[in-house]
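The block underneath contains the structure these notes are about, expressed in C-alpha cells.
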Amino acid sequence: MTPSPAHPAAQPPAWLGLLPVRVGGWLLALVLLALVVITPLTLGQQLLLSVTCFVAALVVGRARGRFASLVMMVLSVTVSSRYLYWRLTETLVLPGVLDLTLGAGLLVAEVYAFVVLVLGYVQTAWPLQRRPVPLPADPAHWPTVDLFIPTYNEPLDVVRSSVLAAQTIDWPRDKLRIYVLDDGRREEFRVFCEAAGVEHLTRTDNRHAKAGNINAALKHTHGEFIAIFDCDHIPTRSFLQIAMGWFGRDPKLGMVQLPHYFFSADPFERNLGTFGTVPNEGELFYGLIQDGNDLWNAAFFCGSCAVLRRTICEAVGGIAVETVTEDAHTALKMHRAGYNTAYLALPQAAGLATESLSGHVGQRIRWARGMAQIFRTDNPLLGRGLSWAQRLCYLNAMLHFLYGLPRLIYLTAPLAYLLLGASVIHASAAMIFAFALPHILHANLTNSRIQGRFRYLLWNEVYEAVLAWYIFRPTLVALLNPKLGSFNVTAKGGLIAERYFDAQIAKPYLVLLLLNVVGLGFGVWRLGWVPAHDTLTVWLNMAWTVYNVLILGACVAAANEAQQRHETHRVRLQVAATLYTPDGVSMRCETNDFSRQGLGLRLPQPVAAKTDDRVSVALFAGAQEHRFDAVVRHHQDGRMGVRLDAMTLAQERAFVQCTTARADLWAARWGNHPRASVWSVLAHISRISVIGLRDMSFHYLRQAGLRIGPDPRPSVRQAAK
C-alpha cells in the first residue's frame with residue numbers, strides 16, 4: 001500500500017525540519033569557540049578571562065541538573081582549547097635539540113590528555129539511565145536461556161558458589177540450562193556438576209582461551225539467549241528478570257550488560273585501606289561511562305554478567321577470537337553489523353577482585369594489549385557500520401589504555417629543567433600559570449561534578465601511575481605487531497599468608513621516586529644561583545615534582561601487600577535470622593556478616609552459649625526457613641560468630657540463596673559514596689603516601705640487616721583511613 005500524505009510513514013521526521021537550525025547553531029558555536037580560543041591576549045587580559053570563566057563555572061556548578069553539567073563541559077573545553085592553542089603557537093620555539101625533544105614529548109602527552117578529556121565529555125554528557133522492562137506476565141512466553149560459566153584453572157571452591165547461585169535464579173526450570181565450561185578438563189568438576197545437576201562441557205584443546213571455550217559451547221547448546229558469568233561471579237536470583245525485558249522490546253538487541261561488582265577488596269583497596277570508603281578503579285566505568293555509552297548505542301560487552309541473543313552472536317561469528325579482549329571486540333562487531341546493545345546500571349552479580357597487585361597489573365596488561373590490538377586490526381574510526389558517536393566512544397576506550405607513556409612523561413617532565421636545565425615550554429612562569437592553571441582547574445572541577453560518587457579527584461593519578469610502566473610496553477608492542485598478544489588468566493581466590501613489600505612490582509615507582517627526589521635536591525640548589533626572573537620557574541617545577549613524589553609515594557604504598565588470612569571473604573549483611581541453642585531456646589536476631597564458612601550475629605539479649613557450643617542458625621528466603629548447624633567460635637557483648645558445619649549440596653544452595661543470591665544485596669551498596677572535596681582527598685592521599693614511604697624504608701633497612709624496632713606496617717590501614 002502506498003501511504004497517503006496523512007499517513008505517518010509519509011511524514012518527514014519531526015527533527016528534519018529543524019536540521020538547518022541545528023546545523024547553523026553548531027556552526028555558530030564553533031565559530032564563537034574558535035574566536036575565543038585564538039584571540040591573542042596580554043597576561044593581564046588572560047588572567048581576567050581565566051578568573052571570569054572559573055567564577056562562572058563555580059556559579060554554574062551550584063545549580064542542579066544536566067544542563068549545568070553541559071555548560072561546565074563547554075567552559076572546560078573552551079579553556080583547555082585555548083591552552084592547547086597557546087602551547088602549539090607560542091611555546092615551541094626552543095633553543096636546543098634536547099629542549100625541543102623533551103618539549104615535544106610533553107606536548108604529545110598534553111594533546112593526548114586533551115583528546116581523552118573531550119572524548120570523555122562526549123561519553124558522559126547524558127547518561128541514559130536505562131531501567132528494566134517487565135517480562136510478559138505469563139512465564140510460558142519467556143525465552144529459553146543457556147547460562148555459561150567458563151573456567152580454566154580456578155579452584156572448585158571458587159566456582160561452586162556461582163553454579164549453585166545460578167540454580168536459584170528465578171526463571172522457569174524448563175527454560176534455563178546451566179553449563180560449566182571446563183577448559184581444565186578436571187574430574188572433580190565433572191563429579192560436582194553431576195551431583196549438582198548441571199551440564200559439564202569440555203573440549204579437546206584450549207584454542208582461543210575463553211572466547212574459544214564459549215564458541216565451542218555454542219555448538220552444543222540451543223537456548224535462544226546466552227547468559228555468561230565468570231566463574232567467580234555469583235548471580236542474584238533476579239538477574240535474568242532484570243536483564244531480559246529489553247530483548248522483547250528490540251529484536252535487533254544483541255547484548256545486555258550489567259555491572260561487575262566485587263565483594264572482595266582489590267589490591268588498591270586492601271593495601272591502602274580504602275575498601276568501602278573510596279570508589280575503586282572500576283566504579284567509574286560501570287557507574288558512569290557504560291551508562292554514557294548506552295545513550296550512543298555503544299555499551300560494551302565486558303565478558304561476564306551479560307546476556308547475548310544467540311542468533312545475533314552467531315551472525316557476527318560468535319565471540320571474537322582475533323584479540324585478547326574478546327568481549328569488547330564482540331560488541332564492536334555487533335555494532336558494525338547494525339545491531340544494538342544495552343546497559344543496565346543495576347548490580348545483579350558479584351565476584352572476587354584480584355588478590356595481589358601483580359595479579360591486578362597482569363589483568364590490566366591483558367585489557368590494554370587487547371584494546372591496542374583492536375585499534376590496529378579493527379579500528380573504529382575506519383570501516384562501515386558505526387555512527388560517529390559510536391566511533392568516538394570506542395576510540396576513547398582504546399585511547400584510554402595508551403595512558404602509559406603520557407603518565408610517565410608527566411611524572412618526569414619537571415626533571416628536564418631541574419636536572420638538565422632544559423626548557424620544555426618556551427614561556428615565562430607567569431604565562432604558564434595564566435594558561436595552564438585554568439585548564440587544570442576547569443578539567444578537575446568539571447570531572448568532579450560529572451564523576452561525583454564514582455571517582456574521587458586525584459585517585460585516577462594513583463591508579464594510572466601504578467600501571468603506567470607495565471601498560472606502556474605491551475600497548476606499544478601491540479600497536480607495532482598486534483599478533484604478539486597472548487591471553488593470561490586472572491587468578492582469583494588466593495591467600496596472602498604474610499604481609500610483604502613487593503619490591504619487584506614496585507621497581508618502576510622506586511626509580512621514578514628516586515629521580516624526583518634528586519630533582520628536588522637540584523631544585524634547591526638552583527634557587528641559589530638562577531637569575532631572579534627564573535626563580536618562579538624553579539618553584540613551579542619543584543611544586544610539580546613534590547606532587548609527583550606524593551603520587552609515587554601512594555604507588556609505593558600500594559605495593560605493600562596486606563595480609564589476607566581468611567580463605568573466604570566476609571561480606572556485610574544485615575538480615576533477620578533465628579538462633580537455636582541446644583537447650584531448646586530460640587531467639588530472633590540479625591546477621592552482621594557472612595562468608596562461605598560462617599556467620600556473624602547480633603543478639604538482642606544475652607544467651608547461654610560459649611565457645612565450641614553447638615547451635616543452629618535459621619536464614620530466610622522469602623517465607624521459607626533454612627536451618628544450618630554451626631559451632632560457636634566467639635560470643636561477647638551481644639555479638640556471636642559461628643562456623644558452619646559441612647553442608648550438603650542442597651544446604652549450600654539454600655545458603656547461597658539466602659545470602660549472595662539475594663536480589664537486593666549488591667545494588668543497595670553500589671555507587672553510594674559521598675562526594676569528597678579535593679582538599680580531603682589530597683590529605684588522604686598524602687597520609688597514604690607518607691605511610692608508603694615509611695614502610696618502604698622499613699623494608700629496605702630490614703633487608704640491609706639493620707635492627708630498627710617492631711614492624712610499623714600493621715598500622716598502615718588504620719592510619720590511611
Problem set entry | Per residue solvent-accessible surface (Å²) - the chain, probe of 1.4 Å | 45
For this session: Determine the share of the range 545-668's accessible area contributed by carbon and sulfur atoms, expressed in whole percent, with a 1.4 angstrom probe.
Result: 46
Problem set entry | For the range 226-258 and the range 547-562, distance of Cα centres in Å | 39
Exercise. Looking at the chain, what % of its DSSP beta bridges pair antiparallel, to the nearest 5?
Worked result: 70
Exercise. Looking at 85, 108, 74, which one has the Cα that reaches farthest to the positive end of the dipole of the range 50-118 (charges on Cβ: Lys, Arg +1; Asp, Glu -1)?
Worked result: 74
Seminar exercise, completed: Judged on accessible area alone, 1.4 Å probe, highest first, 652, 199 line up as 199, 652
Exercise. Tell me, what is the percent relative contact order of the chain, built from C-alpha pairs under 8 Å that lie six or more residues apart?
Worked result: 15
Problem set entry | Accessible surface ranking that places the most exposed of 77, 477 first, with a 1.4 angstrom probe | 477, 77
Exercise. Of all DSSP beta bridges in the range 238-378, what percent run antiparallel (nearest 5)?
Worked result: 35
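Size of the dipole of the range 374-493 about the Cα centre, Lys and Arg at +1 and Asp and Glu at -1 on the beta carbon, nothing else charged, in debye to 20?
Numbers: 10 positive and 3 negative charges, 78 e Å.
Once rounded to the nearest 20, the dipole reads 380 debye.
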Seminar exercise, completed: Per the charge dipole of the chain (beta-carbon charges, Lys/Arg positive, Asp/Glu negative, Cα centre), the residue among 646, 251, 434 reaching farthest to the positive end is 434
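About its Cα centre, what dipole magnitude does the chain give when the only charges are +1 on Lys and Arg Cβ and -1 on Asp and Glu Cβ, stated in debye to the nearest 20?
Around 860 debye, computed over the chain.
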Seminar exercise, completed: Shape call for the chain, from the Cα gyration tensor axes a ≥ b ≥ c (a/c under 1.5 means rounded, otherwise prolate when a/b beats b/c, else oblate), comes out oblate
Exercise. Which loop-located trypsin sites (Lys or Arg not before Pro) does the range 53-82 contain, where loop means any DSSP state but H, G, I, E or B and the Cβ has at most 16 other Cβ atoms within 10 Å?
Worked result: 62, 64
Seminar exercise, completed: Among 335, 419, 403, the residue whose Cα sits farthest towards the positive end of the charge dipole of the range 313-430 (+1 at Cβ of Lys and Arg, -1 at Cβ of Asp and Glu, taken about the Cα centre) is 419
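The values are calculated or read from the model by the stated rules, or taken from the named source; none is laboratory data. Worth saying up front: this structure is predicted, and the values here are computed from it rather than measured. Virtual Cβ from ideal backbone geometry, glycine too; neighbours counted across all protein chains shown. Ligands, DNA and RNA are excluded from the accessible area calculation, which covers all protein heavy atoms including side chains. Shrake-Rupley method; radii C 1.70, N 1.55, O 1.52, S 1.80 Å.
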